[in-house]
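Notes follow the structure.
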Amino acid sequence: MIRSVRQQRTTRGVGAFLMAACVTLLAAAGCGSDGTVEVDLPPTPRSIVPAVSGRIFAPRGQFVAADRWRWWPEQLRLVSPANALQGVSLAGGILNVVLWHVDFLDAKDGRIDNPLLINQARTNDDGLYEIVDSVTADLDYCRLMVAVGRNETLTRAFVVSHSTDLDAVSEAVVRVILDRLTKAPPVQLCDFTTAGLANILDKASNAAFSARGDSVAEINAAAFERVRVNRNVKQAIDDATGVPVAPE
């Protein structure tokens, strides 16, 4: 009899435990009669497609005049010159933007002669571009660059972010970095990290604020002249490499 009572108590205890467990599941996760348990799972994250995108800015939105006759108001100065940061606007028309890989050996003489074309894309009517390529997953890969135009209108930018704009300031940064590669003590292109380049770009944006020009070529040259002599830009370059330029 003692054993039977214990068995009854044990059976009741197990039943009570199971009942309590089911009640807990009902309250927390919806324990149903069909034995299923509904659990709120976090949504599956969307896969991120590596890409670099941005905008192209130019004086009065015109990156390059397709027809010579469209230049005559500018030649007569009937249109006021643009300011590098305030007077420019999104480039109109369809432009081709290329994604390059620049080899540090190619750039060591201060020139980029043989960049490797990785990919390219065309802008939309608002001057916006997007280049989708797996190589952009690693922005520290030395050294990615986007470019638009050619010859005197060539405008480039080191890819320091997945959102990289092309304008007179970005071109000025490319020029001052290439210029640094020709000075002593020697440094290499890969000595400039993405973070270091981003800091130089920030200082250059302030330095080029007053640059003006009637065309892409003019405004790029004016921005470079201001950026190359700016002491904050020089300091940012020295900080990026850890090797100060020797006094001339």
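Values in this text are rule-based calculations from the coordinates and carry no lab data. All values derive from a computational prediction rather than experimental measurement. All Cβ positions, even for glycine, are placed from backbone atoms using ideal geometry, and neighbour counts span all protein chains on display.
The packing ranking, built from the mean of other Cβ atoms within 10 Å per residue, places the peptides 140-153, 50-63 in the order 50-63, 140-153, highest first.
The length gained on full extension between Val49 and Ser163, counted as 0.36 nm times the residue separation minus their Cα-Cα distance, comes to 39.7 nm. Placing +1 on the Cβ of every Lys and Arg and -1 on the Cβ of every Asp and Glu, with nothing else charged, gives the range 51-241 a dipole about its Cα centre of roughly 580 debye.
Using Cβ contacts closer than 10 Å as the measure, can you line up Arg156, Arg228 from fewest to most?
Least crowded to most crowded, the residues run Arg228, Arg156.
Distance distribution P(r), the range 51-241, all Cα-Cα pairs, bin width 10 angstrom from 0: 10, 38, 37, 14, 2 percent. The modelled label-to-label distance between Glu152 and Val135, using points 7 Å beyond Cα along the C-beta direction, is 3.0 nm.
Fewest-first ordering of Asp106, Asp165 by other beta carbons within 10 Å of each residue's beta carbon gives Asp106, Asp165.
Between the beta carbons of Asp109 and Val245, assuming R0 = 25 Å, the FRET efficiency works out to 0.90 to the nearest 0.05.
Put simply, when 123-134, 171-182 are sorted by average Cβ atoms within 10 angstrom per residue, most first, you get 171-182, 123-134. Most tightly packed first, judged by the mean number of other beta-carbon atoms within 10 Å of their residues, the peptides 188-201, 233-246 read 188-201, 233-246.
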